[in-house]
Amino acid sequence: MLSVLIVSFGLATLVGCGSVRDRARDDLVDQLVVDGGLARPVADCVVDKFFEVRTTDELKKFFEREGLTDAENAEFARLGQECAPVDTTP
């Protein structure tokens with residue numbers, strides 16, 4: 001689900017330094033909430049974890065191209081699982 005949303009998300013002009021990077025982060029979170037149906041805390045977590053291991057240049061390249069690599073698909077799936085709350089209801 002995440003990969004389909006991110007494929008259509010172009011932020012090449014948004015990813016720069018400081019506040020521009022923050023704007024790109026916030027826009028991606030909003031897209032995952034609105035279009036992907038994720039709870040905001042889960043979307044925040046996924047995007048934070050994705051951004052924290054990438055330089056601004058890496059993020060710019062990520063948003064400039066279409067589609068996700070197999071590795072990115074796997075990473076987003078893993079992050080979604082890591083960030084999703086554990087259901088403790090019986």
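Where a number appears in this text, it was derived from the coordinates with a stated rule and is not lab data. From a predicted model like this one, the values you see are computed outputs, not experimental measurements. Here the Cβ positions follow ideal geometry from the backbone for every residue, glycine too, while neighbour counts run over all protein chains shown.
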Estimated vicinal HN-Hα couplings, Hz - region 67-84 in sequence order (Karplus 6.51, -1.76, 1.60; Gly, Pro = x): x, 10, 6, 4, 5, 5, 4, 5, 5, 5, 5, 5, 5, x, 5, 5, 8, 5
Give me the extension gain from LYS49 to LYS61: residue separation times 0.36 nm, minus the current Cα-Cα distance, reported in nm with one decimal. 2.6 nm
Hey, can you rank 20-28, 41-49, 67-75, 54-62 by average C-beta count inside 10 Å, highest first? 41-49, 20-28, 54-62, 67-75
Backbone HN-Hα couplings from phi across region 36-43 [Karplus 6.51/-1.76/1.60, Hz, Gly and Pro as x]: x, x, 7, 5, 3, x, 5, 4
